[in-house]
Structures are given as C-alpha cells and as structure tokens.
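Step one of this worksheet: look at the structure below.
The values are calculated or read from the model by the stated rules, or taken from the named source; none is laboratory data. Because the structure is a prediction, the values reported are computed rather than measured. Cβ atoms come from the backbone with ideal geometry, glycine included; neighbour counts cover every protein chain shown. Side chains are part of the model used for accessible areas, which takes the heavy atoms of the whole protein and leaves out ligands, DNA and RNA. Shrake-Rupley method; radii C 1.70, N 1.55, O 1.52, S 1.80 Å.
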Amino acid sequence: MTNSLRAQGHTGSARPPAPPGKRRDAFFDNAKYLAIVLVAMGHSWEPLKGESRVLEALYTVVYAFHMPAFIIISGYFSRSFDMRPDRLRRLVTGVAVPYIVFETAYSLFKRYGDHDPGMAITLLDPWYLTWFLIALFVWRLTTPLWKSLRWPLPVALAVAMLASVSPEIGDDLDLQRVLQFLPFFVLGLCLKPEHFRMVRTRRMRIVSVPVFAAALAVGWWSVPRMNTAWFYHRDAAQELAAPWWSGPVMVLALFGCSLVLTACFFAWVPGRTMWFTALGAGTLYGYLLHGFVVKAGDFYGWFEPAWLHRPLGEIAVTAAAGVVVTLLCTPPVRRVFRFAMEPEMKWAFKRDAGEAARERARQDGTGGPGNAERPEASGDSPADASGTGSGADERRDRQSAEARS
C-alpha cells in the first residue's frame, strides 16, 4: 500500500505527480525546424556554389554544424531506448520502413528522372539523403551498448578515427558516415537538459556572433585550400588523396569545430512557442521530400539560368528552399505521406502483453484513454523518428505498474 501511494505521488513529499500528458519542448521543435531549413538551403546551394566563393564559404560553415545538431538531438531523444518490443516496433515503422520506401523512390526517381538506366535499386547503398535513416537505425539499435560503457564518447571518437583510415569499409549502408558521425549521437546520449540550458544564455548569444563571423572568414579562406568532402564524413582519408594520419586529425578537429558552431546555433534557437514551432514535429517529412525538389532542379535544368548564379539569384534560391521545406513540414503534407513515414503496421507485429498492461495502467491512473500519456518523441522527425520517449516516460511506466500491484 505504501509503495502504491508513493508511486502515485500521494505521500507528504514535495514531489508533484507526473503530468498526464508529455508536452513537446518548444526549444527542440524550433531547433529541428531551423536545422531542416538549413539542410534544404545547403542542398539548394550545391548547384550554385561552384561560381561563388562567398556561397562556398557559407556552405562550408552550414555543413559544419547542421547535421551534427540534428544528430545530437537524435541522441538526446534516444536516451531511454532499449529493446522493449514497443520501442523496437516504433524503430521499424518510424525509421526502417521510411528508409526502404524512400531509398526505392529516390532510386527510381534518379533512374527515370535523370535518364540513368544504370541506377540500381538496392537497400545496401543509400543514395543522396537517405543515409541518415539507416544511420539512425544503427545508432538506436546500439544505444544500450553505449549506455553501458563507462566512457562512451571517447570510445565513439576512437571508432570514428579508425573509420577515417579504413577505406576498405566501402559504401555498403554508408558505414563511413554511420561511424564518423557516431560521436555526435553518443554525445546526445550523454547530455542532460541542463547542458542545453547552459548554451541558451544571453552571454552565449553575444559570444556566438564573433564565432560565426570567424567561422565564415575561415570558410572563405579555406575554399581553395580544403576539400569540402571532409564535411560529408563519407570517405576515408586515403579516398580524399590525403595521408592516412590526416583522417584521425580531421575527425577530432571537425568534431571540435562542429560542437562550437552547434552550441552557437542552439544559443539562438528560441525556447518559446513560435509560428514555426509546430512544424518541428514534421521535419522528417521536410527532410525526405525536399530532396525530390532539389534533384528535379538538377535533372531538368532549373538551376541553369545565369541570373540564378548572381547574388540576387542565390538569395532567391535560398528563400525558395526555405519556403518549400516549410510547406513540406505542414500538417496537410504530413497527412498525405503518413502512410510512408509513420505506418502503424499492426498486422505485422504480435500484441505485446507488457505494453497492454502498461496501457491499462495508464488509463486507470489518468481516467481513460483520452488522457493517456503521450511519448515525448513522436516519431515524425529525424531527431525522434522512432518515438522512443524519454526517461520520464520510463519512470511513469514503472510507477503505473507499481500502482497496479
């Protein structure tokens, strides 16, 4: 009886009961939306940047932190992932199935849209932007391992450094990217809410201005001197015609630079609800769909007019990319493509007895299914695509089970 009362928060302690519904954090939704806008803008600059040193510098700076920011948030929302059947099911339906669907769709689009009959349809060689889904699938599956290690981040950095000198890894499943971006995901697993609060200060916002200015200056200087492919993390050093020892050095250097720029980016992300906050729940849609627009521009010559390669044209393309990806994150688009992004697939899975017990416990504790707990990770963005929830979700599950016992 005492345990039951304690689990429901009815003791004399000051700790309030857990809320019936898990609210989304506006900061993370804002961060995901702004990051996906930067991703789309960066992709739209690729056909234009060759003739503009300024645009190339801006491209380099953005590529140094936009995907690391996404991956850190992905790791942060994966902290409670385990091999529980319901979480594995969400990993399959929220990550693996969209990968299969969109890897096939992009391959067909490349074959027929670009008149490339040699484009193979294979799930072993991710094309264009689908690599992130297979990487997220692998990272989440290995989450219990990283959580069990005493020093997970140094180990992840060592793995990334070894990958950077191992060209024999090849292109299967884009494992170079999976391994070289791994430290950012593991870092997210290690972070706590207070770490994000540390960078969301007025002092940090002031400091970030000269940091970004210096980054742009270094980016402008490095354009003729550095291979941009380093920022893609998809090749070993030897494949970039660099000495083998430069691979580990670049992994550490880029990890440090990316962390600094990501912290500066987070400093400017608003923590309050904005007009675009709700769009943060649909960033997976924007991420996977905007690539068709960008590649269509490549295939059909939309970027060829000379005026687009001048400053005003580059600004217009940048603005258009922001508008397009914003529209692709909206609820109407999400409703249309939910069958591919968030399929329920109840027919494919057995009913888990433990999940049914937790659901009954939640309903008994909150007054009905209408007030049942909603996981923090909703499964509709690259940052929380498998809907694994947070540590608070696990605590409430345990408390509900104790209350019933």
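For first residues located in the stretch 162-174 and surrounded by fewer than 16 Cβ atoms within 10 Å (Cβ to Cβ), partners that are in a loop (DSSP other than H, G, I, E, B) and lie 6+ apart or on another chain with Cβ distances below 7 Å form the pairs 171/125; 172/124; 172/125. If you go through the stretch 44-78 and keep only what is surrounded by fewer than 20 Cβ atoms within 10 Å (Cβ to Cβ) and not in a helix (DSSP H, G or I), you end up with 46, 47, 48, 52. Just to be sure I understand, how many residues within the stretch 246-283 are touching a residue at least 60 places away in the same chain (Cβ under 8 Å), over 26 Å from residue 325 (Cα atoms) and surrounded by fewer than 16 Cβ atoms within 10 Å (Cβ to Cβ)? Qualifying residue count for the region: 1.
What number of residues in the stretch 284-301 are open to solvent by 20 Å² or more (accessible area, probe 1.4 Å) and either outside any loop (DSSP other than H, G, I, E, B) or in contact with a Cys (Cβ under 9 Å, 6 or more places away or on another chain) (or both)? So the count comes out to 5. Candidates are the residues of the stretch 209-231 that are among the small types (Gly, Ala, Ser) and at pLDDT 95 or above; the one that is surrounded by the most Cβ atoms within 10 Å (Cβ to Cβ) is 215.
Answer yes if at least one residue in the stretch 370-391 is in a helix (DSSP H, G or I), at pLDDT below 70 and open to solvent by less than 30 Å² (accessible area, probe 1.4 Å), and no otherwise. Within the stretch 370-391, one or more residues are in a helix (DSSP H, G or I), at pLDDT below 70 and open to solvent by less than 30 Å² (accessible area, probe 1.4 Å). Screening 15, 23 for residues that are modelled with pLDDT under 90, surrounded by fewer than 17 Cβ atoms within 10 Å (Cβ to Cβ) and closer than 30 Å to residue 264 by Cα leaves exactly one candidate, 23. Of all residue pairs spaced 6 or more apart or on separate chains, those with beta-carbon atoms under 8 Å, a first member in the stretch 199-218 that is among the charged types (D, E, K, R) and a second member that is in a helix (DSSP H, G or I) are 200/27; 200/266; 200/267; 205/267; 205/268.
Okay, residues lined up against (1) open to solvent by 50 Å² or more (accessible area, probe 1.4 Å); (2) aromatic (Phe, Trp, Tyr); (3) over 27 Å from residue 238 (Cβ atoms):
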position	(1), (2), (3)
88	yes, no, yes
105	no, no, yes
129	no, no, no
155	yes, no, no
158	no, no, no
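The residues listed here are 170, 94, 113; of these, the one that is of a type in the set (Gly, Ala, Ser) and within 30 Å of residue 302 (Cα to Cα) is 113. Filtering the stretch 77-87 for residues that are more than 21 Å from residue 340 (Cα to Cα) and hydroxyl-bearing (Ser, Thr, Tyr) leaves a non-empty set. A single entry from 251, 269 fulfils the requirement of being within 19 Å of residue 131 (Cβ to Cβ) and out of contact with any Lys or Arg (no Cβ under 6 Å at 6 or more places or on another chain): 251.
Is it true that some residue in the stretch 139-147 is aliphatic (A, V, I, L, M), under 18 Å from residue 97 (Cα atoms) and open to solvent by 30 Å² or more (accessible area, probe 1.4 Å)? For the stretch 139-147, residues aliphatic (A, V, I, L, M), under 18 Å from residue 97 (Cα atoms) and open to solvent by 30 Å² or more (accessible area, probe 1.4 Å): present.
When 150, 234 are screened for being out of contact with any Asp or Glu (no Cβ under 9 Å at 6 or more places or on another chain) and either modelled with pLDDT of 95 or more or open to solvent by 70 Å² or more (accessible area, probe 1.4 Å) (or both), only 150 passes. For the stretch 107-127, a residue qualifies if it is part of a helix (DSSP H, G or I) and open to solvent by less than 20 Å² (accessible area, probe 1.4 Å), and the qualifying residues are 107, 113.
Set side by side, the residues 342, 314 differ, and just one is under 30 Å from residue 51 (Cα atoms), touching a Ser or Thr at 6+ places or on another chain (Cβ under 8 Å) and surrounded by 16 or more Cβ atoms within 10 Å (Cβ to Cβ), which is 314.
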